[in-house]
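**Q** This structure is in structure tokens; I'll ask about it shortly.
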Amino acid sequence: MTIMTMLLPESTNAAYRGHPAAPWGLTALGILTIVPGAIHAFLPDGGAGVIAGLDLTHNATTIIGVFAWVGATQIVWGLTMLAVSLRYRSLVPLLLALILVERTIIALNQWVFKPGDGPDRPPEAYATLAVIPVVALLLTLALKRRA
């Protein structure tokens, strides 16, 4: 048994019975998670200043470090989405449900519980609001059984 077959056992795609649009939507979500993850992990300021417009005159090292940490987790989460959407489709409903929980918590924190001091919000605050209904639709499609 090779390391690749140990890391990536047989595909479960044949066991998936949901709508075919759901795994493809998860593929898109995976790519759209990896890209900002790479920006956060590899841009010199993690996108904190040049994209999010955060003031880096105070605590820049901490802010950039947190952005890099979040970027690393986004890359891994996005790769997980791709693995499930392309090879382990029986897990598509579970991953979409987890993404829905994640995005809901993020939105609640960004808009209700911890909205910040100023009116400016990072682009992700708005993207999250757009993604929640899309993920809910994809989850509904994934749970809908085909004959």
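Since every read-out is calculated from the coordinates, none of them should be taken as a lab result. Since the model is a prediction, treat every value here as computed from it, not as a measurement. Cβ coordinates were reconstructed from backbone atoms using ideal geometry, including for glycine residues, and neighbour counts include every protein chain displayed.
**Q** Can you compute 3J(HN,Hα) from phi for each residue in the stretch 87-100, using the Karplus curve 6.51 cos²θ - 1.76 cosθ + 1.60 with θ = phi - 60°, rounded to whole Hz and x for Gly and Pro?
**A** 10, 10, 5, 5, 9, 4, x, 4, 5, 5, 5, 5, 5, 4
**Q** Separate question: If r is the Cβ-Cβ distance from ALA21 to THR61 and R0 is 30 Å, what FRET efficiency results, to the nearest 0.05?
**A** Efficiency for this residue pair is about 0.10.
**Q** Please report how far the C-alpha centroid of the stretch 1-16 lies from that of the stretch 87-106, rounded to the nearest whole angstrom.
**A** Centre-to-centre (Cα) distance: 20 Å.
**Q** What is the extension gain from ALA28 to ALA127, computed as 0.36 nm multiplied by their sequence separation minus the C-alpha to C-alpha distance, in nm to one decimal?
**A** Working it through step by step, the gained length comes to 34.2 nm.
**Q** Right, another one. Taking amide hydrogens as modeled 1.01 Å from N in the peptide plane, which residues meet the under 5 Å criterion relative to TYR88, leaving out close sequence neighbours?
**A** Residues meeting the amide H criterion: THR12.
**Q** Percentage of Cα-Cα pair distances in the stretch 26-147 greater than 22 Å, rounded to whole percent? List each step's numbers first, then the result.
**A** On the way: 2919 of 7381 pairs.
Value for the stretch 26-147: 40 percent of Cα pairs lie more than 22 Å apart.
**Q** Got a sec? How would LEU26, LEU8 order by Cβ neighbour count within 10 Å, fewest to most?
**A** Neighbour counts put them in this order, fewest first: LEU8, LEU26.
**Q** For the chain, set up a GNM with springs between Cα atoms under 10 Å and report which of ASP117, ASP55, ASP45 has the largest fluctuation.
**A** Top of the fluctuation ranking is ASP117.
**Q** So if R0 is 35 Å, what FRET efficiency would LYS114 and MET4 give, r being the distance between their Cβ atoms, rounded to the nearest 0.05?
**A** The calculated FRET efficiency here is 0.25.
**Q** In nm, to one decimal, how far is the ARG146 label point from the VAL76 one, both placed 7 Å along Cα→Cβ?
**A** Between ARG146 and VAL76, the label points sit 3.3 nm apart.
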